[in-house]
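Worksheet: one structure, shown below.
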Amino acid sequence: MVSRPVTRDDRPAPRPDARRRGRRARRWVIALVVLVLLLVGADFGAAAYAEHMISQKARTQLQLTDDPSVTIHGFPFLTQALGGDYSHISVSAAGVPVADKLQDVAVNAELEDVTAPLSDITNGNTKAITIGKLTGAVTIKAADLARLSPLDKIKDLRIEPSTSEYVQNGDSGQSEPTPTTTTTEGQADQDESSTGVRISGHLQFAGKDLEIFCFAMIEADAKGGTIDFVPKRLQFGNDQETTVVPQAVQNALMPNFKASINTKDLPLSVTPTGVRVQSGSVTIKGEATNVSFADLSK
């Protein structure tokens, strides 16, 4: 008798109870996936709602025309919201007005160890929202610096970075070097307690309109809570036959470049720890601990 190979049709069919168990397992897997997706969606939705609420409170607090950008870091969000403790919140805004002088200030803040009960966020009770550690950066453009006394005496004020060495010693016959703002590729700009800056513009002297370059140091005074512009030397601009400014002219014009910014008058009210100069702007960095959300604009 010759045997033949077993075909698919010859194999025994699975029993009905096995098929039912397989379908039941698939249903459980699908249900579990749907549940996870719903929970993740609810978490992101709740985070978006909380970010919107904080953004609105920050808009009112900083007197903005638009809502600032707010990001609540960490997952899941709901566990943070239910406990009222957030490990890290980022806030950024542009066009922040400050008093009557500054009109276009940019603010970036990293809030850590934030205590913000959900009920206080929804009710707008910003005094109950506390920040364990605040790291902030405030960027002031040249157009706003030109509104501060005595810099407001300088026409067409411009700001450019310079090196501390060049500020102190000049070029000694060589052109001004370009300051380095990064140490390695991809690394963030380094903030220092003092850095060089070139302030240029036009001033009136003896009936003449002079283009003046002032090489100064910007120093962060943590104890005094100020950012100080300390002029070191002056040069004539390119419209003069020589760049050398006579000492008598330097003595007369130098005070126009000496200015101070009280960081308590700026948003975030931080203790200044560093300063960085970029083309057309100055960024002040600082820190504060155990502050109230309601005090950010003071």
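All of the numbers you see were taken from the coordinates with simple rules; none came from a lab. Values in this document were obtained by computation on a predicted structure and should not be read as measured data. Don't worry about glycine lacking a Cβ; one is built from the backbone with ideal geometry, like all the others, and counts go over all protein chains shown.
Spread over its residues, the convex hull of the C-alpha atoms of the stretch 249-298 is 102 Å³ per residue. Taking each of LYS57/LYS127; LYS101/LYS285; LYS133/LYS285; LYS101/LYS141; LYS101/LYS153 in turn, the alpha-carbon distance tops 18 angstrom for LYS101/LYS285.
For the stretch 80-96 versus the stretch 273-287, the inter-centroid distance based on Cα atoms is 23 Å. Using 7 Å Cα-to-Cβ label points, what is the ASN238/LYS133 separation (nm, one decimal)? In this crude spin-label approximation the distance works out to 4.6 nm. Size descriptors for the stretch 206-262, from the alpha-carbon set: Rg then Dmax equal 13.5, 43 Å. Sticking with the crude label model, points 7 Å out along Cα→Cβ, report the distance from ASP156 to THR271 in nm, one decimal please. It works out to 4.3 nm between the two label points.
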